[in-house]
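What follows is one structure encoded as structure tokens, with my remarks underneath.
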Amino acid sequence: MTTPTMDAHTEAKLNLTMAVAIGAVVQGALALLPVLDLRVIGSIERHVRTAYPDWGSADVNADTTAIVIGMVIVGIVGVAGWLVALIAARRRGSARRTVTILFVVGMTVLAVVAGLGGAEYDQIVPLWMGATTLAVSAVTGATAVLAAWWRTPR
């Protein structure tokens, strides 16, 4: 009895598609992380209160909400990038270039967002959240780039 096998191109395409699909799901979870923080953890609110101890609740809530909305928007744009990469992974020819460019652009945007400061903030996004988002996205993105460029032995 023989086991059906895939040709090298089909296997590489499947690996890339799986890596990108997993990245999209992980990015979706990361996009929801600020909302979870807003509802359960409260680190963004504490971060705002630490930066502006004289502010009233209304101002703290407004700034907290602005940070959460900004991070969710960045997360949603990230999911859109992963979906573009998924479309490219299913097509022939453009996947390597598309996945690599999206990885570089995505990591650049995340690094800027995670490190951006302003007014009384050393960093607008709390360090743990920016670092977590950056690190997890780097792992999933690098995995997708490796899957795009990996040559399956013939």
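Taking each DSSP H run with n ≥ 4 as -39500 (n - 2.57) and averaging over every residue of the chain yields -26500 deg cm²/dmol at 222 nm.
The magnitude of the dipole of the range 10-149, with charges of +1 and -1 set on the Cβ of Lys/Arg and Asp/Glu and taken from the Cα centre, is near 960 debye. Students often get this wrong, so try it: which of [x] 20.1; [y] 17.0; [z] 16.3 is Kirkwood radius over Cα pairs in Å as calculated from the structure shown? This structure yields the entry labelled [y].
Applied to the range 75-85, the Karplus parametrisation 6.51 cos²θ - 1.76 cosθ + 1.60 on θ = phi - 60° returns per-residue 3J(HN,Hα) values of x, 5, 5, x, 4, 4, x, 5, 5, 4, 5 Hz, with x for Gly and Pro. A simple spin-label model places pseudo-atoms 7 Å from Cα toward Cβ; at Val105 and Ile41 they are separated by 2.8 nm. Computed from backbone phi with θ = phi - 60° and the Karplus coefficients 6.51, -1.76 and 1.60, the 3J(HN,Hα) list for the range 17-24 is 4, 5, 4, 6, 4, 5, x, 5 Hz; x is used for glycine and proline. Taken along the Cα-to-beta-carbon direction at a fixed 7 Å, the label points for Arg96 and Val77 span 2.9 nm.
Laboratory data are not the source of any read-out in this text; all were calculated from the coordinates shown. Worth saying up front: this structure is predicted, and the values here are computed from it rather than measured. Every residue, glycine among them, receives a Cβ derived from its backbone with ideal geometry; neighbour counts consider all protein chains shown.
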